[in-house]
Structure formats: C-alpha cells, structure tokens
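Here the structure comes first, spelled out in structure tokens, and everything after it is commentary.
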Amino acid sequence: MPHERPPKVIVTKIGFDGHDRGSRVIAACLRDAGMEVIYTPPWQEIPTVVKLAMEEDADVIGISSLATDHLIVPKLMEALRAAGLADIQVIVGGIVPAKDEKTLLAAGVARVFHPGAALDDIVTAVRALAQARHAQQGAAA
Amino acid sequence: MNKPVSHIAAADLAQSQARWEQEFAAGAGNPEPLHNRSGVPIKPLYTPGDWSGAAYADSLGFPGEFPYTRGIYATMYRGRSWSQRQLIGLGVPEDYNTRVKEMLALGASALSLIPCNSVFRGYDADEVPAELLGTCGTVINHVGDMERALDGVPIGDLSTAMNDPSPFTLLAFELAVAKRRGVPWPRITGTSNQSDCISHFVANHMFFRIALQGARRIVVDHIAFLNEHVPAWNPLSIVGQHMQQAGATPAEAMAFTLCSAIQYAEDCIAAGMDPDRFLPRFTFFFDISVSFFEEVAKFRAGRRVWAKLCRERFGAKDPRSWRFKFHGQTSGVDLTRQQPLNNIARVTTQAMAGIFGGLQSLHTDSYDEVFSTPTTEAARIAVATQNILREESHLTDVIDPLGGSYYVESLTDQMQQKIEAIIDMIDAAGGMYKAVEQGLVQKMIGDSALAFQKRVDAGQETVVGVNKYAVEEDPADYPSLEYPDRARMDAQIDKLKAFKASRSAADVDKALTALAASAQSRNENVFAQVVASAEAGATHGEICGTLRRELGFGQPLTIV
Amino acid sequence: MNAAATPLEAILAGDRRAVARAITALENDSPAASGVRATVGAHVGRAHVIGVTGPPGGGKSTLVSALIRQLRARGHTVAVVAVDPSSPFTGGAVLGDRIRMGEHQADEGVFIRSLASRGHLGGLARAAGDVVDVFDAAGFDTIIVETVGAGQSEVEVTRIADTRLVVCPPGLGDDIQAIKAGVLEIADAFVVSKADLPDAQRTENELLSMLTLRRGQAVTPPVLRTVATTGEGLVELVDWLGRRTPRGTRRGATEDQAARDLVARAIGADGYAKHLGLELVAAQRGSTTVRMRVGAQHVNFNNRCHGGAIFSLADMALGLAGNSHGNIAALIDGNISISKAVELGEWLVAHATEVSRSRKVAVYRVDVSRASDRAHVACLSGTVYLLDKPVTFKT
C-alpha cells in the first residue's frame, strides 16, 4: 500500500502582532491530525516566509492575524506568485473585517477563518487543500 | 475567637446535610462532576463543613492587615474607589490628545497610553510598512510626539500608565517632557505598565524586543533609577494577563506571575536594593475572565500568597511591602464577534469579579474590541459600566462582601493550593527564567489552551452566540472604526523627518554611543542612558536598535 | 534561471524550487522519484556531509547555527537536513528543529529542509540519504544532518555522514554512560557545547577517559569545546572539519565500517545481551569493546558480581569479535581467571582482541576492567570455531 503523504503546513504570523494562542492551538491540532507542521515565531518577514515555503515544499500556509496584519497578506500572495509558488495555498485566521475578507479572497487567499471557527473545520479545510495540491503535482509529474 | 458550632448543632447539621443530599440526588440525579477553569472541583453546595469562621483570624484577618485576604487597605473602596484607567491609544499624538481630554471630562481619573504595534516592536514610523501604522495604538517616536500627546494634560497631577516594555522609552520621553515643562520628577506618578519581560517572552510576544537576559538587566536598572529619581512611579507591572489570554488557567496565570515576581525581587535583592524600598512599588496586572467566582478566589488567594512571600521569602519588614497591588483588565478573550452587544454583559460580570476580588485599578473593555480599536460610543459604555457598578449597585459600600461565604473561602483556599503547587514546580526547575528558557511554562500554557478549545468545540464549554444560542447575523452590520487616515499618517512621518532634521545630530550620536557603552558594561545603569538619549532627541527606533545590537534581538521561545 | 531547463537540469544547476520538489518526490516515493535518483546519483560525492547528534537539550541546534555562520563566513554554501520526530500515534510532527536556526532563515546561501521521522519507505536513514544526495548533486559544499539522537533510527541516520559529531552539554555526569552506546561508538569527534558552564571540564575529562577505553581504534576521536553564543571554539571546529577527507568514504563502506555495522546489528539481535544489559562501545574487524553495569540481577549471595556475569560479558565481546569478519564463529573453549571482586553499581568494560586466526579456528583474549579506576578484573581466553556460513539476521 503506497505510503500516504502527510500535508505539510506552515503556521506563521507576518506583521507586528504577537498574540499566538490561536496559531499555537491550530498547530497542535494539525499535528494531532497527522500533518507535518512548521510553527514559526511571530513577525516573520514576507521574503522569509516565501523562502521557508519553497524549501519545505509546503502545501498550505496558515497566517494568523490579529490587529491589522492581514492588510499585508496581499503582498505575501504577490511574493509567492513571483517566486513561482502560486500553487501553495494560503489561509488566514483571525480578526478580519468583512470588507477586508473580500479583498483577501480576491488576492488569492483560499479561505478566511473567523474567531469561533471550529478546529475540525479548519483541519478538514487544510487537508483538502493539501490533497488537492498533491493530486495536482502527481498529475503534472 | 469565634465559638465553635456546638456539639448538638453539629449532629443536626450532619443530618440536615444528608437529607439535603438525598433530595438533591433525587432532583438532579448524578450529574457529571463540575470543575472550574483551573481544575478545582465545584460542588453544588458549600456549608460550614467546607469552611467555618474558626479560620478567620489566621487565614482572613482584617482588610489592611497580613495576610490581606480581605483587601490591602483598611478602607478599600470606602476610602478611595479603584482607579478607572481606560486604555487609550490610536493614530497620531493629536488623536490621542483629543481622546484623553474626552475621557478626563467623563470622569476617568487616570491615564493610560497604548502605543502603536510598530512602537511595541521597537521601530520608528519610517521603518515599517505603512499599512500597519497607528491602527492599534498611538505612534510615538520621540519627545516631540510625547509633547503633542500630552499637550494641556497636567502630568504632575495625574497618574499615567505607560504600556511600555523594556527599555522603557515612552517613560523616558515623558520624563523629558516633564523636564521641559519644569515639572519635577518626584511629582510624576504612574506605572511602567507591562514592564515584565518574562511575560512577553512567554506570551504576547509583541512587547519582546531585546533578548531575555538583556531585558532582564534593563528591568533592574530601571527599577533602581526610578527608586532614586522618580520615587512615585511604579517601575514594575508584572503581568498575568498575557499568559491567561494565551490560555493559562486562572491558577496558572496567578502562579506564573508570582514566580516572575519572585525573580524580579531576587534580582533586586542581588543588586543590593532593600526589599522595603522596591516591593511597595511592585504592581501586578491581571486578566479577569467571566469565570466569576474563580476570579474572585484567584485574586484573594494571590493576595495571601504574595503577602507571605514578601514577609517570609524576601524578608521585607514594612507592612507596605507586603501589599498585592493590582490592575485588572476584563478579558478580551472571552468576548465574541457574534452578537457583539452581549459583550457588555460579559464585561459587567468580569468587572464585578475584579471589584469583589479587590483590585486597585480597572479597565473595562469596549464591546467592539473584537473588531478593532473601540469607537467613542463603545468606550463610553465601558466607563459607564464601572460608574453603574459603583454608584447604582453600591458595590463599594462593603469591603470584601463575599468574604465569609463558605464557597468563596473554600475556593480561595483551593486556588491557593493550586497556585502554591505550581510555584513549587517552577522553583524545582530553577526559577521562572530557567523554566521559560526550557519552554516548560509555554508548554503548560499551550496544553491548557488546547484543552479549553477542545471543550468548546465539544460543547462542554458554552460560548453564547457561538456554540449555543447562535443566530444568523450579517457581519457587515457590525460597526467598526475606519483605519487611520493615510494622510494623517504621512503627516506624522513628515513630522518625524522634520524632528530628526531639527535636532543636534552630534548630541544624539554622543547619547547613543554612551547608551551602547552602558549596555556593554556590567555595572552602568542602562536606563539612565535611555533617559539621557530621549532628552538628547534620539528616537525610539534608534534607542531600541542600539540596544538590540548590543544585547541581542528578542526572539521568544515558542513551543507547540 | 533558464526557463527552458528541465526540472532535472534545474536540480543540478542548484535551482532552489527544483531542489525542494526533487526532495519531496524522493521523500514520498512519487512517480518522479526514480528519474530524480538516476540524475542525482551520478553527481554525488563532492559535498562534505556532517552528521550532528546528541542528547536533547544539548545545544545542538545552537551549535549547528554557529557552525553555519562560520562556514558561510568562509564562503561555503550550506544545506541542512533537520530531522524531527513524528508522533508514533498520529504520524504528525512539529518540525521545530529548523526554527532554532532562525538567524539563517533569510540567507540565500543556506537551505534548510525538515525531515520527519515518519514511516519512510526504506527507512529514515535511506530517506535522509536521499535528501543529502539531492543537495550534493545541487552543488552545496557542506551538508549538515542534524538528529535528536534519542532513538536508534537517529543513530542510523548519522551513519550516512562522512563526519559524525556528537554534541554533549556539560553536567551530563553519570548520564554520559547513558548516552546510547551506539551513538558513542560512531563519533568522529565529540563537542562539549556550552563550554562556558562550570561542568564543562569534568564532562571533557569523562569523555576523554571513556574514549581511552575504546582501545583498538586507529584514531582517537578528539574532544572539542565550543561556546556557540560567543563563537568560541567554532574556528577550531571548522578547521578540523576542513582537514577531514570525506570524499568517497560515505559511498563505499570501509571494512571496519562494515564490521562495525555487523557487530552493532548482532548485539541488537542478541536476546542474552538484552537480558544482561550488555552494550557495545566500539568495534572493528577482529576487536570489540562491550560494557555492562553491575545490577541486582548480576550479583551473587555475597553481593558481588557473579563470575558467570563477568564470563558472559567477556564472552559477548569475544563472540562479537569472532563474528565481526562476517562468518559465524562459535566458542568451543574458554577459560576465565578473575582477580577482583566487583561491587553493585560498577561499570565493567570488556575488550576483545584477536590473538590468532586461521581458516577454521581463531583465538581471542578478552580483558575485563573496572571503569571507575581501570583496574583489571578478569581475563578470558577463548577459541572459536569458524563456519563457512555468513552471519545472517532474521528481519
């Protein structure tokens, strides 16, 4: 039986916020769901996140955002595209006002999760995104 | 001494209890045992069997006397209400100034300043992405900005809490402003809020700029400087809020905070300071969750444990050194985005718990803080909440009104046991610095956070409007503060440039060189040089940058 | 980057994205894997592969980070394989090792790839070897493989390295004895990390004295000291690494390497060794060192180590030495003389050397000494009969 490839997920924060309760809980849940998780400290610079995603060949990048850090996520999307990594899926979790959510989705973010989202829903969504990427890579090989 | 319950009455009591237990079981069946957030088991009923007044003299005492369980002052709120200290921080210094004047007119008796996240991280406005400026706090980068923020505010007469982590540049700017205005430093009162570098290393890392051991040293330098030159200022605010918001249970948050306090106290003693000089100026800052009775018990237990630590472990002799002074903030983590007006009820409950817990100063969150920095209207309701509790519900008429409750006293004792067990564990690990460098504390907090979230997801913890009583809502209906006008931010950056152009580059250079040298030396006071740099016109980013280079960039240790 | 280059050419040109995807293909044995292996296999052997292992909390990641700094200062490009443990229950992992090398995250000349220890087809060592090969073919000068060293698989992983460093923090004390024997015997050098701490000298002494018990080694591994936070000792360490000649030793096992592997496997499959708590310290063709701590199960009614236990220890060393050439060797005659009584808690070390060997018979001498004072305890001489059958293991 072929060995199943676990999803590889980066959980990170860009911008200035330092609250990481939510991201830490998500990282633990993803690990407990059998995924390989890279959990970074806060205040990652965008080029660093892009390099990390490239080296690890990550499937999904999860951005945790309180305050207004989500406002620079479109810059991350742009940087990923420029590096040829547009197939890596990005999700954002945290405090995101409705009008900003539209902007993020238009910029290519796959999903936005708000406070109160169930952990199971997030885990399921991440797994689906990763599996879709694996299938796509398999088809292209 | 109180008369013990008589022999005959005791037999009656036991019989009545048995009778009640039978009736209870018949009515309620055998429900699942309940626990509070800290894991203390909660019974349906408490009686003198759980706690009787016989223990009054030893474990309670009177307010204002050791072990202070009932309150740190003899008069408590009958003498003086808790300070209504609402956090304020937004946009540019002029915006801050306007809001401060509004708050003062509404009766706020003390000020607080929250700087912008860029400031928390140690940068000037021209060093960071423009989108992130001024949305969560005020941009203050130099003494000129502080002048404008405090324009027309009588700093010699009001107490100011600066949310200002190591190396305490905002305080340095305020002292520089005071000097320019001719207000003598001994008249400056306030607190270096959230000055506790350990809590930033562990949780809410936003405040963490300089590597832990460097930050540790600056904290002690800053205490020593203030003891001598600004004696009415509280240099240390040891923070339980971050850890509780990160998921620590109330008992854990109290215990870890006290462990941090132990390290700071021992560092000061090692630096030759007299406990009776610095302990009276140690203050604490806690989160207040909606777990009402647990919070009340947490604070009462904390007061008792701290008093014992000060007297027995640090050897302080002055009763003023044994007092557990704390500021409470209602917990933002309990607030929900769904049905946001419900948050007003939550904040009221949290505030009451803090008041019954005997806090010295209180911040009530605005209901819309889940969306962004509060609107004026929401901030007004938050202040009114405190006024209603005090002046309509008369919560201040009686000191420690829940004292003597069989439940509250029993719970206070049990919370104390949990707290002391954790303190013992941290001591065994070599103290709080070692424990956090190993990740022990972070792991416990992470585990508690995960456990709580799982209970919420499983419906074992109810969150009204989220996992129960939810309704369809259109998120677009929620009010929210517009992001700061980019033009105003650009103007602020222009002012920064103008400031830099107008100051003496030579003076700044000299000051920063002296600052770097003090950091490299073993026994110079680094904070004294921070103040001198602020006076010479150095900016916040320049001061923090210098210290980061000398002492290391602060990278917290995070454990999943 | 030339857009027309094929993915395989891109790997050889060092294109980062191609390298990462090639690693993924090998890690997951995807359809592309065999093509990658074929391309890469022809271009390996240039890089110096350094394995770093040691007990958790020993400061390995900090040392590796400092090592990278030194290497970068000398113009090397560096790739790192950071091995993290997977949960045996969920299969998930937090890949936290690379995070501890934070200062290099943005350096284009450093490529860090995490490898979880999950059930890889062919084993973790093979998976790590695959990653190393891709980096080698892509042109990285130095490749560092870092493992926790807590489990046997991590020991296996470092076997793929040309140079193996074992990092020990000071204050291990008695725990030095507890460092897995398999880890100790593979080390090419020991590094006492955090050498500014007070126990550092004692740790260095303990390592040195333990190493002198490993007689029969051609080269005694050096014990180096570093203070990663100040950079002390790093220049010396990198100089020493530079003097190593790794080319080819990784790909073709030397005779001693094969013997070492065989002996390690043999003692691992020996039920009696487990029963008595016998541990391999060192091995090469024809000589081995085995140790045992005298426990309650080894003492006689006089509360001293039972002669039978001493015999068993010595015989283990003898038997392993006899079999180390690859064919089965069985003891047919053995004689022990014991000169000292040994107390509970003492460590005994048995060193076997080959006295003579012919086609059918070999004679060994085993010296057993007491670790605490190197006092001679016993001497076993024995003859083994050599069979024409190779040593094989039930998998």
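Throughout, read-outs are computed from the coordinates displayed, never taken from laboratory work. From a predicted model like this one, the values you see are computed outputs, not experimental measurements. As a convention, Cβ positions derive from the backbone with ideal geometry for all residues, glycine included, and neighbour counts pool all protein chains shown.
A compact table of results
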| quantity | calculated |
| --- | --- |
| Cβ neighbours within 10 Å from other chains - mean over A:49-60 | 5 |
| ³J(HN,Hα) computed for each position of segment B:524-537 - Karplus, 6.51 cos²θ - 1.76 cosθ + 1.60, integer Hz, glycine/proline x | 7, 8, 5, 5, 4, 6, 4, 5, 4, 5, 4, 5, 6, x |
| Segment B:109-209, relative contact order [Cα under 8 Å, separation at least 6], % | 31 percent |
| Over segment C:1-43: Kirkwood hydrodynamic radius from C-alpha pairwise inverse distances, Å | 10.3 Å |
| Alpha-carbon spread of segment C:1-144, three principal axes, descending order, Å | 45, 41, 24 |
| Mean residue ellipticity (222 nm) of chain B, computed from DSSP H runs ≥ 4 via -39,500 (n - 2.57), nearest 500 | -15000 deg cm²/dmol |
| Charge-dipole axis of chain C as Lys and Arg at +1 and Asp and Glu at -1 on Cβ define it, positive-most pick from C:Ala266, C:Gly96, C:Trp240 | C:Ala266 |
| At R0 = 41 Å, FRET efficiency that the Cβ-Cβ distance of B:Glu437 and B:Phe499 yields, to 0.05 | 0.60 |
| Least to most buried among B:Asp424, C:Asp141 (fewest other Cβ within 10 Å first) | B:Asp424, C:Asp141 |
| Residues of type lysines that B:Lys298 reaches as a straight line, Cα spacing below 23 Å, ignoring anything fewer than 8 places off in the same chain | B:Lys43, B:Lys308, B:Lys325, B:Lys418, B:Lys443 |
| Extension reserve of the B:Ala428-B:Glu473 stretch, reckoned as 0.36 nm per residue once the Cα distance is removed | 11.1 nm |
| Which of B:Ser393, B:Val92, B:Val305, positive extreme of dipole for segment B:56-457 (C-beta unit charges) | B:Val305 |
| Shape category assigned to segment A:8-140 from the gyration tensor of Cα positions, a/c cut at 1.5 | rounded |
| B:Gln417 versus B:Ala270: modelled label distance in nm, points set 7 Å from Cα along the beta carbon direction | 3.4 nm |
| Two-site label geometry, B:Phe66 and C:Val235: point separation in nm, points 7 Å out along Cα→Cβ | 5.8 nm |
| Distance in nm between pseudo-label sites at B:Arg488 and B:Lys308 (7 Å out along the Cβ direction from Cα) | 5.1 nm |
| Paramagnetic reach from A:Ala132 (point 7 Å along Cα→Cβ, amide N under 13 Å) across segment A:44-79 | A:60-61 |
| Equivalent ellipsoid semi-axes - Cα gyration tensor, chain B, angstrom | 42, 27, 22 |
| In Hz, Karplus ³J(HN,Hα) per residue of segment C:84-97 (6.51, -1.76, 1.60; θ = phi - 60°; x = Gly, Pro) | 10, x, 8, 5, x, 8, 9, x, x, 7, 9, 8, x, 5 |
| Pairs beyond 22 Å (Cα-Cα), from A:Lys13/A:Lys102; A:Lys8/A:Lys99; A:Lys75/A:Lys102; A:Lys99/B:Lys495 | A:Lys8/A:Lys99; A:Lys99/B:Lys495 |
| For B:Met103, B:Met432, order by how many other beta-carbon atoms lie within 10 Å, fewest first | B:Met103, B:Met432 |
| Proxy reagent accessibility, fewest Cβ within 10 Å first, across B:Thr396, B:Thr283, A:Thr103 | A:Thr103, B:Thr396, B:Thr283 |
| Positive minus negative residues near A:Thr12 (Lys, Arg vs Asp, Glu; Cβ under 11 Å) | -2 |
| Rounded to the nearest 20 debye, dipole of the protein assembly as shown from Cβ charges on Lys, Arg, Asp, Glu | 2300 debye |
| Dipole axis of chain B (+1 Lys, Arg; -1 Asp, Glu on Cβ), positive-most option in B:Gly71, B:Gln492, B:Ala511 | B:Ala511 |
| Rounded, prolate or oblate (a/c below 1.5 giving rounded, otherwise prolate when a/b exceeds b/c) for segment B:442-560 by Cα gyration tensor | oblate |
| Hz values of 3J(HN,Hα) by residue in segment B:439-444 - Karplus curve (6.51, -1.76, 1.60), Gly and Pro given as x | x, 4, 5, 4, 5, 5 |
| Reachable lysines from C:Lys394, criterion Cα separation under 23 angstrom, eight or more residues apart if same chain | C:Lys274 |
| Average Cα contact separation per residue, segment B:326-433, under 8 Å, 6 or more apart, as relative contact order % | 23 percent |
| Packing-based ranking, highest mean first, of B:21-30, B:497-506 given that Cβ atoms within 10 Å are counted | B:497-506, B:21-30 |
| Residues in segment A:93-112 reached by a label modelled at A:Glu78 [backbone nitrogen below 13 Å; 7 Å Cα→Cβ] | A:107 |
| Peptides ranked, highest mean first, by Cβ atoms within 10 Å: ranges A:92-98, B:254-260, B:316-322, C:325-331 | B:254-260, A:92-98, B:316-322, C:325-331 |
| Distance-filtered residues of segment C:300-327 - backbone nitrogen under 12 Å, label point 7 angstrom along C:Ala258 Cα→Cβ | C:325-327 |
| Peptides ranked, highest mean first, by Cβ atoms within 10 Å: ranges C:358-368, C:45-55 | C:45-55, C:358-368 |
